[in-house]
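What follows is one structure encoded as structure tokens, with my remarks underneath.
Any read-out appearing in this document is the output of simple, stated calculations on the displayed coordinates, not a laboratory observation. Model, not experiment: these values are computed from the prediction. Note that each Cβ is placed from the backbone with ideal geometry, even for glycine, and that neighbours are counted across all protein chains shown.
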Amino acid sequence: MGTARPGRGPAVLALVLLLVCAVATGCGGRATTHHKPGTTHEQASGNTGTLLTADDGAGHRLREVPAEGAPEVRLTARPDSEDGWNLQLTVKNFRFTPDSAGGAALPGAGHAHLELDGRKLARLYGPWFHLPAAQVPEGTHTLTVRLYADDHTAWAVSGKPVEGTTPLTAEAAPGRPGGHEHGSTPQEQADRTVTITVRDGKVSPAPARTELKRGERVALRVTSDRVDTLHVHGYDKELALPAGKEATLVLTVDRTGLFEVETHESALVLTQLLVR
């Protein structure tokens, strides 16, 4: 009969647990939307559907699924009594999963992108979104919502992205051509205002920490010399940045921690919100 080797059993068990934790991506850790500057959002992970070489026109590859049981989305826009429009996304065979954004593509799960005339305005993690009038120039436009998996690939059927569209007409407000007036600016409604300029790939003033108290409202005023998208990590708030024009995002910081504010296309850190 063989002689038992002390310690071998616990060592083998520890190795097995280590391998299981590695496969589980962090042994209980949750997915995050944060990514390092310069890296891509698209991970092309998961084995759901077929990953195509074609993309959505913005660099996100299409993930083809059969028409039967595929995600569907319909978009409606209703004027808001105070400002802009309230958008509703009616989905079928799809659920919004903000907690797992950045993870693997799971069937019928993910988020949506909102576009105005082909220009991305925001990433959506639920069926309702308020579109401020200030983000819509005077005239007739087309709003589009497109569904994406958690790995940022676009759900597709027969080689076409799963999306919904609706027309939108914006009229100029009196006294402010091409805009919308409410009696007070977003800056006046905020407790703190941070003004940032992006030019030639450089951020001015240099990125630093903006300290805030929980519950305060901060206005991020950003002027970029190129079309881009501002993203507040942790809050998953986005703002379209037109080239050469100031854009403002007003945010109520209702959770504590350190949150980076950066641009998607140029992958620049603009500031860090330190909420106590």
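Structural remarks
- Volume per residue for region 50-170 equals 99 cubic angstrom (convex hull of Cα atoms).
- Theoretical FRET efficiency, 1/(1+(r/R0)^6), r = Cβ-Cβ of Thr256 and Ala54, R0 25 Å, to 0.05: 0.05
- Residue-span extension gain [Arg226 to Arg192] - 0.36 nm each, minus C-alpha spacing: 9.7 nm
- Arranged from fewest to most other beta-carbon atoms within 10 Å of their beta carbon, Trp155, Trp85, Trp128 become Trp128, Trp85, Trp155.
- For the pair Arg217 and Asp200, label points projected 7 Å from Cα toward Cβ lie 3.7 nm apart.
- Compactness of region 44-94 - radius of gyration and Dmax, Cα, Å: 15.6, 45
- For a modelled paramagnetic label at Tyr125, 7 Å from Cα along Cα-to-Cβ, the residues of region 240-276 in reach, with backbone nitrogen under 17 Å, are 240, 250-264, 273, 275.
- Residues Asp55, Asp200, Asp151 arranged by fewest to most Cβ contacts within 10 Å: Asp200, Asp55, Asp151
- Amide H to amide H, with H built 1.01 Å from N, Thr195 comes under 5 Å of Arg221, counting only residues 5 or more places away or on other chains.
- Charge tally in the Cβ shell below 12 Å around Gln272, where Lys, Arg are +1 and Asp, Glu are -1, Gln272 excluded: -2
- For Lys237, a cut-off of 20 angstrom between C-alpha atoms picks up these lysines, skipping any fewer than 8 places away in its own chain: Lys36, Lys120, Lys213, Lys245.
- Long-range amide H partners of Val162 with built H, under 5 Å: Leu147, Trp155, Ala156, Val157
- By the count of other C-beta atoms within 10 Å, a proxy for reagent exposure, Thr197, Thr210 are ordered fewest to most as Thr197, Thr210.
- 3J(HN,Hα) couplings calculated from phi for region 233-250 with the Karplus curve 6.51 cos²θ - 1.76 cosθ + 1.60 (θ = phi - 60°) are, in sequence order, 5, x, 9, 6, 9, 10, 8, 6, 10, x, 6, x, 10, 6, 10, 10, 10, 9 Hz; Gly and Pro show x.
- Extended-chain gain in nm, criterion 0.36 nm per residue less alpha-carbon gap, Arg78 and Arg209: 43.4 nm
- In sequence order, region 264-276 has phi-based couplings of 6, 5, 8, 6, 9, 7, 8, 6, 10, 8, 9, 9, 10 Hz under the Karplus curve 6.51 cos²θ - 1.76 cosθ + 1.60, θ = phi - 60°, and Gly or Pro positions carry x.
- Taking amide hydrogens as placed 1.01 Å from N in the peptide plane, the amide H of Leu270 sits under 5 Å from those of Val261, Glu262, Thr263, each at least 5 positions away in sequence or on another chain.
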